Amino acid sequence: MGCTRCPLHATRTQGVVGVGPKRADWLVIGEAPGAEEDRRGEPFVGPAGQLLDAMLRAIGLDRATNVYIANILKSRPPGNRDPKPDEVAACLPYLVRQIALLQPKIMLAVGRIAAQNLLGTQLPLGRLRGQVHHFGEFNTPLVVTYHPAYLLRTPGEKRKAWEDLKFARSVYQRLT
Ligand code: URA
């Protein structure tokens, strides 16, 4: 990925576009590549990725077969700082194009950064959970939950994440 639309291209090792089957029903969207993702060129392969895989498995999903995984930003922000608005603005059209190509049946936004940027809101994550939102030109159902890195730091919130995952699964089951 040779994109130079924002200054992060100068500090990244490589762009991390996304991974998964092109016909996946599920699209999981995180924040931005971390150190391990920047090194390997694949999203969610570090510690948060291990937990994400476990979360997906808990609702019968496997990233090899039915889930595409991408991030709001394709380039790692130095030191894993939060994405800046101009970086998000530069990168979001790429994700919108990915969504148009993939046409997932359902989207799962993990974490505040993904949820707020996809929904164009400043509301806290706690206010965005537990309801079906819709995204973009295909009105794709979108459910919000906690970021696995946050859950690693705050394991007491895992119970709520489990509720969110069961909710997302029920939304998906109603679609198909
Ligand atoms: N955190 C994210 O939000 N995305 C990744 O790809 C890895 C960690």
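The values are calculated or read from the model by the stated rules, or taken from the named source; none is laboratory data. Treat the numbers as computed from the prediction; the structure is a model and nothing was measured. Quick reminder, even Gly has a Cβ in these numbers, built from the backbone with ideal geometry, and neighbours come from all protein chains shown.
Looking across VAL88, VAL143, one residue alone is in contact with a strand residue (DSSP E or B) (Cβ under 9 Å, 6 or more places away or on another chain), buried (at least 17 other Cβ atoms within 10 Å of the Cβ) and closer than 24 Å to VAL17 by Cβ. It is VAL143.
Return a yes/no flag: does the stretch 162-171 have any residue that is touching a Pro at 6+ places or on another chain (Cβ under 9 Å), under 20 Å from ILE69 (Cα atoms) and not aliphatic (A, V, I, L, M). No, there is no match, as no residue in the stretch 162-171 is touching a Pro at 6+ places or on another chain (Cβ under 9 Å), under 20 Å from ILE69 (Cα atoms) and not aliphatic (A, V, I, L, M).
Residues in the stretch 66-84 that are hydrophobic (A, V, I, L, M, F, W, C) and in a strand (DSSP E or B) were compared, and the one that is nearest to GLU31 (Cα to Cα) is ALA70. Among the residues of the stretch 8-23, is any within 9 Å of the ligand (Cβ to nearest atom) and either assigned to a strand (DSSP E or B) or over 14 Å from the mean Cα position of the chain (by Cα) (or both)? Checked the stretch 8-23: no residue is within 9 Å of the ligand (Cβ to nearest atom) and either assigned to a strand (DSSP E or B) or over 14 Å from the mean Cα position of the chain (by Cα) (or both). Checked across the stretch 92-99, the condition of being within 13 Å of the ligand (Cβ to nearest atom) and not basic (Lys, Arg) holds for at least one residue. In the stretch 24-44, the qualifying residues are those that are closer than 25 Å to PRO85 by Cα and in a loop (DSSP other than H, G, I, E, B), and the one that is farthest from the ligand (Cβ to nearest atom) is GLY41.
Would you check if there is a residue in the stretch 161-171 being at pLDDT 95 or above, closer than 19 Å to PRO33 by Cα and small (Gly, Ala, Ser)? Among the residues of the stretch 161-171, not one is at pLDDT 95 or above, closer than 19 Å to PRO33 by Cα and small (Gly, Ala, Ser), which makes the answer no. Within the stretch 65-83, restricting attention to residues that are within 15 Å of the ligand (Cβ to nearest atom) and among the polar types (S, T, N, Q), the residue that is surrounded by the fewest Cβ atoms within 10 Å (Cβ to Cβ) is ASN80.
State whether the residues of the stretch 49-60 include one that is in a helix (DSSP H, G or I), surrounded by fewer than 23 Cβ atoms within 10 Å (Cβ to Cβ) and at pLDDT below 95. Scanning the stretch 49-60 turns up no residue that is in a helix (DSSP H, G or I), surrounded by fewer than 23 Cβ atoms within 10 Å (Cβ to Cβ) and at pLDDT below 95. Residues considered: ASP86, ASP53, ASP62. Of these, the only one that is within 23 Å of LEU165 (Cα to Cα), more than 11 Å from the chain's Cα centre (by Cα) and away from the ligand (no atom under 16 Å from the Cβ) is ASP62.
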